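These notes are about the structure you will find just below.
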Amino acid sequence: MPTESDTTRLSLSEVSGLDPKQAAQADGMYRRLRESIQAGEIPPRATMDSADLATSYKVGGEVVRAVLKGLTRDGLICGQGRSVTVTAPSDRRSGHGARPAPPPRTSGPQYYPAFGENKTLSQWAADPRCRVKLVRLSGRIHAGGWDVERAISTPLAPK
């Protein structure tokens with residue numbers, strides 16, 4: 001169970017109103033998105049749509065709202081409503097949007113092999129073969145366990 005002072009998990013106030021299964025889903029989704037943002041897999045100024053997140057992670061809107069509250073608390077995203085924006089590292093430190101230098105890395109970026117190439121998720125999302133946005137691609141691979149080539153090349157299902 002998360003505590004109010006644990007900054008790597010959602011706080012009690014963020015998961016209040018969720019049943020235990022939803023709270024566990026929210027906490028796992030929060031940690032995966034937090035790690036992806038901090039690793040640069042979801043780059044600064046990328047937008048995340050709450051409906052896409054719910055679909056990618058196969059969770060309800062209340063779970064997504066809890067996750068977005070936690071990421072906002074951490075200063076990793078800004079905005080309200082359906083679409084939020086990943087903040088730049090300098091935005092998190094100074095509260096304004098100066099163009100940041102890339103954050104120092106203790107280890108290199110994570111590369112994903114597909115189609116005989118190795119690229120980061122950001123690079124795959126920009127590739128013309130990719131049929132989905134970065135957040136959906138990350139969700140398919142990390143939460144859904146999809147094969148990288150399938151995650152890249154499968155378009156969204158029609159509504």
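Measuring with a 1.4 Å probe in the full set of protein chains, what accessible area per residue, in whole Å², belongs to segment 10-71?
42 Å²
What percent do you get for the relative contact order of segment 26-68 when only Cα pairs under 8 Å and 6+ apart count?
50 percent
Which value, in Å² and to the nearest 10, is the accessible area of CYS78 when all protein chains are kept and the probe is 1.4 Å?
Near enough 70 Å² of accessible area.
Mind grabbing the accessible area of ASP147 for me, 1.4 Å probe, Å², rounded to tens?
Its heavy atoms expose roughly 90 Å² to the probe.
The values are calculated or read from the model by the stated rules, or taken from the named source; none is laboratory data. These figures come from a predicted structure and were not determined experimentally. All accessible areas refer to the heavy atoms of the entire protein, side chains included, with ligands and DNA or RNA removed. Shrake-Rupley method; radii C 1.70, N 1.55, O 1.52, S 1.80 Å.
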